[in-house]
Amino acid sequence: MTTRADTDVRHSPFGHTAALEFDPSLRRLRDEAPVSRVSLAYGAGWAWLVTSYDDVRRVVTDRRFSRAAGIGRDLPRMTPEPIADPEAINLMDPPGHTRLRRLIAQGFTPVQIDRMTPTIRAIADRLVDGLLCHGAPADFVELFAACLPLTAICELMAIPRPDQPRIRELVVTLMSTDAGADATVAAKAALRSYFVDLAAERRARPGDDLISALAAARDGTQRLGDPELAVISMVLAIAGHDTSTYQLSNILYTLLTNPGQLAALRARPGLLGPALEELLRFIPFRRGVGIARIATEDVELGGVLIRAGDAVHVSYLAANRDPDVFPTPDVLDLARPRSAVHMTFGYGTHYCAGASLARAELRLAFETLLARLPHLHLAVPPADITWHTGSIWRYPEHLPIAW
Ligand code: HEM
């Protein structure tokens with residue numbers, strides 16, 4: 001068995017890669033050292049980085065790897081300030097985590113998603129009207145992707161429209177890898193204070209919105225306390241639009257630069273659901289890794305001894321390209337037979353709580369775009385598109401389209 005003494009620490013191995021190319025350093029790590037040690041731009045010391053599908057699945061489903069045990073530690077991370085608040089769901093372990101997830105799940109049942117569908121479809125239609133009114137060429141990022149998920153989650157949470165640009169601005173600062181620690185700390189504090197006030201207001205005067213529904217949710221005799229309601233509302237507002245915004249642009253870019261596959265999808269629109277799953281698997285939507293877990297006991301993983309107290313990162317992106325699970329993983333195949341679930345929404349205990357909403361948004365957005373813009377194409381050569389580099393996310397700064 002390999003121990004830490006036998007493995008080198010690689011410093012910030014994640015490269016800036018072109019467009020949505022899969023990070024070659026992740027591929028190398030997965031092939032050569034699927035459980036290796038890395039240090040990152042921020043945080044002290046090193047962490048294990050796990051890159052094979054089976055090992056990632058083991059870490060995120062094994063209770064001996066704890067998120068809560070990392071609270072208060074300066075763990076290796078991508079951003080100057082840890083993104084998650086110490087009380088956030090992302091840092092909880094069962095059984096407290098399970099209780100909170102049960103309560104949140106009441107806001108995302110299939111019935112709730114069905115209720116949200118007309119709202120999301122109407123937003124998508126309104127945004128396509130806006131594109132048509134603007135005329136080609138138009139920037140898809142500005143006129144569609146930046147608007148749909150933010151408007152949808154804010155409507156669902158009844159966040160007043162004038163507050164939405166400020167929330168977006170604070171979230172962008174929080175996710176930045178180079179905004180500086182002072183700016184990110186201030187952004188996190190401002191978001192928290194906004195949601196403390198909003199949650200208190202909904203508790204006092206409930207309406208027909210997601211925060212009021214969460215305030216009223218019961219699990220036996222349990223309900224969310226005031227700080228919990230504020231923090232979960234903040235997490236939902238952030239997670240509820242940020243990644244979906246970027247994935248809309250990334251998916252459209254990938255479709256428009258794979259015209260053969262787009263044509264096949266247009267010919268059989270009923271295949272949109274599985275096609276979106278393949279696009280989600282294929283697109284490396286982030287840089288680096290998320291939040292580390294801590295081993296609470298010695299655990300053997302992939303022939304490596306992880307000691308109690310060691311920090312462990314997993315790469316869902318690398319798992320999505322594991323050839324043992326997804327044959328020819330670097331090929332985008334919208335008709336790929338479904339052999340295993342991809343990990344773009346995570347896996348196990350902290351699996352994305354809003355995956356059903358995200359999937360509904362993507363489906364409704366692309367149903368609308370493909371139906372209403374049958375000749376949609378890029379308005380510039382792909383090489384002219386500028387890609388964002390200053391945060392944990394990967395996406396085009398602008399995506400000029402015509403139809
Ligand atoms: C395409 C869009 C999205 C992607 C790719 C995505 C992906 C993820 C990933 C990778 C995680 C972390 C898993 C982990 O910690 O191991 C996560 C967690 C989470 N996501 Fe999403 N997400 C998306 C959209 C959403 C939406 C729309 C919402 C809410 C409305 C949401 C709410 C959450 C929450 C609350 C968590 C924390 C879950 C927990 O720690 O138990 N996400 N998501």
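Under a Gaussian network description of the chain, with springs only between Cα atoms under 10 Å, the residue in Glu155, Glu367, Glu297 that fluctuates furthest is Glu297.
The tail of the calculated P(r) for the stretch 322-361 beyond 15 Å holds 52 percent of all Cα-Cα pairs.
Taken about its Cα centre, the stretch 4-141 carries a charge dipole of about 560 debye when Lys and Arg each add +1 at the Cβ and Asp and Glu each add -1 at the Cβ.
When the convex hull of its Cα atoms is viewed from all sides, the stretch 268-403 shows a mean projected area of 10.8 nm². Quick one: net charge of Gly273's neighbours, Cβ under 12 Å, K/R +1, D/E -1? With Lys, Arg at +1 and Asp, Glu at -1, the net is +1. For Ser249, the shell of other residues with beta-carbons less than 12 Å away shows a net charge of -2, using +1 for Lys and Arg and -1 for Asp and Glu. Looking at Gly15, Leu26, Val56, which one has the Cα that reaches farthest to the positive end of the dipole of the stretch 1-58 (charges on Cβ: Lys, Arg +1; Asp, Glu -1)? Value computed over the given set: Val56. Computed from the C-beta positions of Thr119 and Thr389, the FRET efficiency with R₀ = 41 Å rounds to 0.75. Across every pair of non-identical alpha carbons in the chain, the mean reciprocal distance, once inverted, gives a Kirkwood radius of 22.1 Å.
Projecting the Cα atoms of Leu91, Pro329, Ala186 onto the charge dipole of the chain (Cβ charges, centred on the Cα centre) puts Leu91 farthest toward the positive pole. Given R0 = 25 Å, the distance between the Cβ atoms of Glu21 and Val172 translates into a calculated FRET efficiency of 0.60. Placing Ile83, Ile159 in order of accessible area, with the largest value first and a 1.4 Å probe, yields Ile83, Ile159. The candidates Met92, Met343, arranged from most to least accessible area with a 1.4 Å probe in the full protein assembly, appear as Met92, Met343. Overall dimensions of the stretch 93-143, expressed as equivalent-ellipsoid semi-axes from the Cα gyration tensor (√(5λ), whole Å, largest first), are 37, 15, 5. Given a 1.4 Å probe and the protein chains as shown, Ile291 ends up with an accessible area of around 60 Å².
With Cα atoms as the point set, the stretch 170-228 shows a radius of gyration and Dmax of 14.9, 45 Å.
Exposure check, 1.4 Å probe, all protein chains in place: Asp310 carries approximately 10 Å² of accessible surface.
Sorted from greatest to least, the principal axis extents spanned by the alpha carbons of the stretch 59-186 come out as 54, 40, 28 Å.
Only helices enter the 222 nm calculation for the chain: every DSSP H run of n ≥ 4 contributes -39,500 (n - 2.57), and dividing by all residues gives -14000 deg cm²/dmol, rounded to 500. Per-residue SASA remark: Phe14, around 30 Å² accessible (1.4 Å probe; ligands, DNA and RNA not included). Name the most mobile residue of Leu20, Leu271, Leu91, meaning the one with the largest mean-square fluctuation, in a Gaussian network model of the chain with Cα contacts below 10 Å. Evaluated over the chain, the most mobile residue of the options is Leu271. Each 5 Å bin from zero up to the one holding the largest Cα-Cα distance in the stretch 193-337 carries the following percent of pairs: 2, 8, 12, 12, 11, 11, 13, 14, 11, 6, 1, 0.
Computed over the alpha carbons of the stretch 1-134, Rg followed by Dmax gives 20.5, 64 Å. Binning all Cα-Cα separations of the stretch 241-301 at 10 Å, short to long from zero, yields these whole-percent fractions: 17, 39, 20, 14, 9, 1.
Residues in the chain average 42 Å² of solvent-accessible surface per residue, probe 1.4 Å, ligands and nucleic acids excluded. Loop-resident trypsin sites (Lys or Arg not before Pro) (DSSP state other than H, G, I, E or B) in the stretch 247-334 with no more than 16 further Cβ atoms inside 10 Å of their Cβ: Arg307. Using only the Cα atoms of the stretch 120-208, build the gyration tensor, take square roots of its eigenvalues as a ≥ b ≥ c, and label the shape rounded, prolate or oblate: rounded if a/c is under 1.5, else prolate if a/b is larger than b/c, else oblate. It is oblate, given that a/c is not under 1.5 and a/b is not larger than b/c. If you wrap the tightest convex hull around every Cα atom of the stretch 34-110 and split its volume per residue, you get 127 Å³. The residues packed around Leu198, meaning those with a beta-carbon under 12 Å from its beta-carbon, carry a net charge of -1 if Lys and Arg are +1 and Asp and Glu are -1. Over all pairs of different C-alpha atoms, the stretch 2-79 has a mean inverse distance whose reciprocal, the Kirkwood radius, equals 13.9 Å.
In the frame of its principal axes, the stretch 192-267 has Cα extents of 54, 28, 19 Å, reported largest first.
The values are calculated or read from the model by the stated rules, or taken from the named source; none is laboratory data. These figures come from a predicted structure and were not determined experimentally. All Cβ positions, glycine included, derive from the backbone under ideal geometry; neighbour counts span all protein chains shown. We work out accessible area using only protein heavy atoms, side chains counted, and drop any ligands, DNA or RNA first. Shrake-Rupley method; radii C 1.70, N 1.55, O 1.52, S 1.80 Å.
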